[in-house]
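For reference, the structure discussed in these notes is given below.
The values are calculated or read from the model by the stated rules, or taken from the named source; none is laboratory data. Keep in mind that what you see is a predicted model, and the values were worked out from it rather than measured. Backbone-built Cβ (ideal geometry, glycine too); neighbour counts: all protein chains shown. Just so you know, the surface numbers come from the protein's heavy atoms only, side chains and all, with ligands and any DNA or RNA stripped out. Shrake-Rupley method; radii C 1.70, N 1.55, O 1.52, S 1.80 Å.
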Amino acid sequence: MQLNITKDMLNKKNLKKIGKKVFEKIVENIFLLFACISVICVALIIFYIFTKGSPAIFKIGLGHFLFGTKWAPTQGIYGILPMIVGSIYGTIGAVIVGTTIGLFTAIFMAEISPPWMVKIFRPAIQLLAGIPSVIYGFFGLLVIVPIIHKFYGGGGNSLLAVIIILSIMILPTLISISEISLRSVPKEYKEGSLALGATHIQTIFKVMIPAAKSGILTSIVLAAGRAMGETMAVILVAGNSPIMPTSLISRVRTLTANVAFEMSYASGLHREALFATGVVLFIFIMILNIVLNFIIKKAGASVK
Amino acid sequence: MSTRIKDRLLYIIICAISFITLGILVWIMAYIITKGLPYISWEFLTTDYRGDREGILPSIVTTLYLIIISLSISTPIGIGTAIYLVEYSKPGKTIDVIRFAIVTLAGIPSIIYGLFGYMFFVIALNYGNSFLAGGMTISIMVLPTIIRTTEEALKAVPKSFREGSLALGATKLTTIIKIVLPSAIPGILAAIILSIGRIVGETAVLIFTLGTATGFPTSIMDSARTLSVHLYMLAKEGLSFEQAFATATVLLIITAFINFISSKIALNIKRFAMGSKN
């Protein structure tokens, strides 16, 4: 009798143990399910953007769509080359200006400034990163655009305004990542260079920047992605005429602006062409992402 | 001698450019706040936007609603994902795919999210321009931020905490809920505040999904405009720059406040992490 009870209890204990294990396994799978939501979202986004966007490309013709220099929806002409060129010019310009300013500021923060000044710079740069893009656009519209108009004429809405606003917007990305990578250069490199008689400035430019190359490159590619994807700030300062930009002060329209600007009233093939513009933008961003992954992987390999 | 001059020159250039960076921030802040502050009044903050009333109360309410809706969707998913990545996952194909997805989500520009939200939630699921469509789209957009920041916070919890708990006979789930998560709360809070910052500043997504209606929102299927969208519409219409400046000032103050809080939390995390090492 007694033996039976203990056996029963043992069984119950076993059952409980098994139950617990099953429960733990279920919980683990629930967490896995949560983790899979991101994958599902990416799949959905890619699926929707491409299925809704690509029909227009085939209807218009890939060549006409990508290399057509005229965008006139009312006449049924859809060429997005001006927007592709506009986006590329804007991004390259912003990256050149932004990297110059950003890298020097990062050098200042990592190597030159006294610690108390870093305590002012760092929150300032974080704040710069937190300011909503529409405020940058608003500032550009009311300050940068009139200044350009004053000096160069032509209304001021221009490629130059886009480049200036974008380069301000990407500064925080460039500065914070470059600063971190400059700070993580091994001390021995710097000391070795100084011991060999190089000056501090020479050490920074000849030793530290080459050593921090992969971090700086990462910041540049990330910043390029941000610049290319920016919409609202660009719309407010670009002028948005779908024409090939011929100079710094000509009006431009970027890919992002093309999508956002006409979406509210477009229909039929016109709307599909806007979706297709989204596809082209998405491909550009994916290319930048792949480059980014490549840089990070290469940097990881060189550390190993 | 020439090296010395070159050094001196570069040194001056570096300093000058750094102060230009700082100057840009001061310029933007000062310009908007000095122009906007005079127009901010109690009436501006507490009336609606209709007829001759130019208040921003509906936009403030909309922004708050949107934050609550988006975060109540994305926070559980984000934390769950981070727990899986840190506590359960083993190296392999699954984890590679999940990581790739998170990196991709983080790199997608907001206009693409807007386009997707419009095609999927607004049109395909027939939600229309509504809080539901806007909230869903935004919660996907902030997911990478929440996952990454929570992940960092979970990783910062010392291993000894987990081992101690497991050694006392607690199950893995109990350990996570009672030991790991409470220690990671500051980090999770930082994730939430970072996301709030992104939601407050977002425009491109919301114009397509939440729309631009000016009234007070009454249900989850209503269209409305957040502060950022309101500012964009004001700037684009160009009718009243006074209102635009005032709205921009309110936005800037909110942004600065969010930044202040998140840096305070980050400081606490640092102290916690350093304390636990000793």
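So the values come out like this:
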item: Of all residues in region B:106-140 being free of Cβ contacts under 8 Å to residues at least 60 places away in the same chain and outside any loop (DSSP other than H, G, I, E, B), the one that is nearest to B:PHE216 (Cα to Cα); result: B:ILE123
item: Subset of region B:86-117 [open to solvent by less than 40 Å² (accessible area, probe 1.4 Å) and among the aromatic types (Phe, Trp, Tyr)]; result: B:TYR88, B:TYR113, B:PHE116
item: Given (1) facing another protein chain (nearest Cβ under 8 Å); (2) aromatic (Phe, Trp, Tyr); (3) open to solvent by 60 Å² or more (accessible area, probe 1.4 Å), index of the condition B:PHE120 fails; result: (3)
item: Residues of region A:246-304 classified as over 22 Å from A:GLY86 (Cα atoms), of a type in the set (Gly, Ala, Ser) and in a loop (DSSP other than H, G, I, E, B), total; result: 1
item: Unmet criterion (only one of (1) at pLDDT 90 or above; (2) in contact with a helix residue (DSSP H, G or I) (Cβ under 8 Å, 6 or more places away or on another chain); (3) open to solvent by less than 100 Å² (accessible area, probe 1.4 Å)) for A:TYR89; result: (3)
item: Whichever residue in region B:1-32 is polar (S, T, N, Q) and facing chain A (nearest Cβ under 7 Å) and, among such residues, is most open to solvent (accessible area, probe 1.4 Å); result: B:THR3
item: Any hit, region A:204-222, residues being in contact with an Asp or Glu (Cβ under 7 Å, 6 or more places away or on another chain) and either buried (at least 16 other Cβ atoms within 10 Å of the Cβ) or of a type in the set (Val, Ile, Thr) (or both); result: yes
item: So B:TYR39, is it more than 10 Å from chain A (Cβ to nearest Cβ) and either at positive phi or of a type in the set (Phe, Trp, Tyr) (or both); result: yes
item: Among residues of region B:225-246, those that are more than 9 Å from chain A (Cβ to nearest Cβ) and either at pLDDT 90 or above or under 14 Å from the mean Cα position of the chain (by Cα) (or both), counted; result: 5
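Table: residues versus (1) of a type in the set (S, T, N, Q); (2) more than 29 Å from A:SER241 (Cα to Cα).
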| residue | (1), (2) |
| --- | --- |
| A:ASN157 | yes, no |
| A:ALA161 | no, no |
| A:GLU188 | no, yes |
| A:VAL207 | no, yes |
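Per-residue answers, yes or no, for (1) in contact (Cβ under 8 Å) with a residue 40 or more places away in the chain; (2) within 13 Å of another protein chain (Cβ to nearest Cβ); (3) outside any helix (DSSP H, G or I); (4) over 23 Å from B:LEU9 (Cα atoms):
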{"position": "A:GLY137", "(1), (2), (3), (4)": "yes, yes, no, yes"}
{"position": "A:MET169", "(1), (2), (3), (4)": "yes, yes, no, yes"}
{"position": "A:GLY192", "(1), (2), (3), (4)": "no, no, no, yes"}
{"position": "A:THR203", "(1), (2), (3), (4)": "no, yes, no, no"}
{"position": "A:LYS206", "(1), (2), (3), (4)": "no, yes, no, no"}
{"position": "A:ILE235", "(1), (2), (3), (4)": "yes, yes, no, yes"}
